[in-house]
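Accompanying notes for the structure given below.
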Amino acid sequence: MKKNPFPKSNKYEELLKIYSEIAKDGCYTIDGKFVPPTELFGMSGQEKFREILKKLFDKYHVKNILDYGAGQGSWEKKINETETLKSFLNVNEIYYFEPARKMNKKTKSECVVSFDVLEHVFISDIPWVLFDIFSYSSKLVVLNVACYKAVKVLPNKENVHITVRNPFWWKGMIDGIANLFPDINYVLLASKAINDVTLFEDISSKGYLKVDGYMALEK
């Protein structure tokens, strides 16, 4: 496992403590509505993008996954009358990492997925978290980031989406970290709104070198 070269700020632990308290006690929306703990975290991204995940997992022969920042979701949940998300994707093992719920074990896996996590991370800690995510993948990383404000707020009234940036900011940040993992392919799904998603298709930093000429790939 590569040593993470990036620092982790004090705000990482501060926010983790806040998210742990929210996971236990619930939080409020912008307009003051209480959201109970059972409705805080879900798996909307994993289910919403299941067709994209299916194509990627088939392409890279993914059979085990680390869900980094798993929320309260389960890949064993039924998505139709006969299939769970796990069976639909034809994977054997799902590992869950959700420090706000004391699920602290991270397991090296063929694919690491992280849905609706990075926008909750303090901006100075983004490089540390991205490096950590890539460190636990042997084949593929799939990232989904919300590029808009959430309806929920922290106890200090700040929005729970604390790092809101445009899709190309996220793509540039991820491209930079991916240079340290040249053999790992990665995908970014940047959501500008709930139903407005920019898909940056799978590539690795080694793959960029195979492009004719010198122009960076454009979306």
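Residues that are open to solvent by 20 Å² or more (accessible area, probe 1.4 Å) and either assigned to a helix (DSSP H, G or I) or over 20 Å from L199 (Cβ atoms) (or both) within the stretch 162-180 comprise I162, F168, W169, K171, G172, M173, D175, G176, N179, L180, listed in sequence order.
For first residues located in the stretch 147-172 and over 15 Å from F122 (Cβ atoms), partners that are aliphatic (A, V, I, L, M) and assigned to a loop (DSSP other than H, G, I, E, B) and lie 6+ apart or on another chain with Cβ distances below 7 Å form the pairs C147/V164; Y148/V164; K149/V164; A150/V160; V151/I30; K152/V160; V153/I30; V153/V160. Candidates are the residues of the stretch 107-147 that are of a type in the set (V, I, T), in contact with a strand residue (DSSP E or B) (Cβ under 9 Å, 6 or more places away or on another chain) and assigned to a helix (DSSP H, G or I); the one that is farthest from K55 (Cα to Cα) is V129. The single condition among (1) touching a Phe, Trp or Tyr at 6+ places or on another chain (Cβ under 6 Å); (2) farther than 24 Å from L15 by Cα; (3) not basic (K, R) that N179 does not meet is (1).
Considering only the stretch 102-140, state which residues are within 16 Å of L56 (Cβ to Cβ) and either open to solvent by 20 Å² or more (accessible area, probe 1.4 Å) or in contact (Cβ under 8 Å) with a residue 60 or more places away in the chain (or both). The answer is E110, V113, F115, I133, S137, S138, K139, L140. Evaluating E98 against the criteria (1) closer than 22 Å to N4 by Cα; (2) among the acidic types (D, E); (3) modelled with pLDDT of 95 or more leaves one unmet condition, (3). Only strands (runs of 3 or more DSSP E) whose full extent lies in the stretch 9-105 are considered here, and the ones with at least 2 residues that are more than 29 Å from K139 (Cα to Cα) and of a type outside the set (G, A, S) are 27-29. Report yes if P99 is touching a helix residue (DSSP H, G or I) at 6+ places or on another chain (Cβ under 7 Å), within 20 Å of G45 (Cα to Cα) and open to solvent by 20 Å² or more (accessible area, probe 1.4 Å), otherwise no. It is true that P99 is touching a helix residue (DSSP H, G or I) at 6+ places or on another chain (Cβ under 7 Å), within 20 Å of G45 (Cα to Cα) and open to solvent by 20 Å² or more (accessible area, probe 1.4 Å). Scan the stretch 199-219 for residues that are hydroxyl-bearing (S, T, Y) and modelled with pLDDT of 95 or more and the total you get is 1.
Results for (1) in contact with a helix residue (DSSP H, G or I) (Cβ under 6 Å, 6 or more places away or on another chain); (2) hydrophobic (A, V, I, L, M, F, W, C); (3) buried (at least 18 other Cβ atoms within 10 Å of the Cβ), shown as yes or no for each residue.
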| residue | (1), (2), (3) |
| --- | --- |
| Y186 | yes, no, yes |
| S191 | no, no, yes |
| E201 | no, no, no |
| L209 | no, yes, no |
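For the stretch 35-67, residues that are under 17 Å from L189 (Cα atoms) and not acidic (D, E) total 13. Before we move on, is D212 among the acidic types (D, E), in contact (Cβ under 8 Å) with a residue 12 or more places away in the chain and either farther than 17 Å from L53 by Cα or out of contact with any strand residue (DSSP E or B) (no Cβ under 8 Å at 6 or more places or on another chain) (or both)? So D212 does not fit the description; no. Kindly indicate whether any position in the stretch 76-95 is surrounded by fewer than 19 Cβ atoms within 10 Å (Cβ to Cβ), farther than 22 Å from L56 by Cβ, in contact (Cβ under 8 Å) with a residue 60 or more places away in the chain and not acidic (D, E). No; the residues of the stretch 76-95 include none that is surrounded by fewer than 19 Cβ atoms within 10 Å (Cβ to Cβ), farther than 22 Å from L56 by Cβ, in contact (Cβ under 8 Å) with a residue 60 or more places away in the chain and not acidic (D, E).
The values are calculated or read from the model by the stated rules, or taken from the named source; none is laboratory data. Quick caveat, the model's predicted, so the values are computed rather than measured. Glycine gets a Cβ as well: all are built from the backbone with ideal geometry, and neighbour counts include every protein chain shown. Each accessible area value is taken on the protein alone, full model and side chains, heavy atoms only, with ligands, DNA and RNA left out. Shrake-Rupley method; radii C 1.70, N 1.55, O 1.52, S 1.80 Å.
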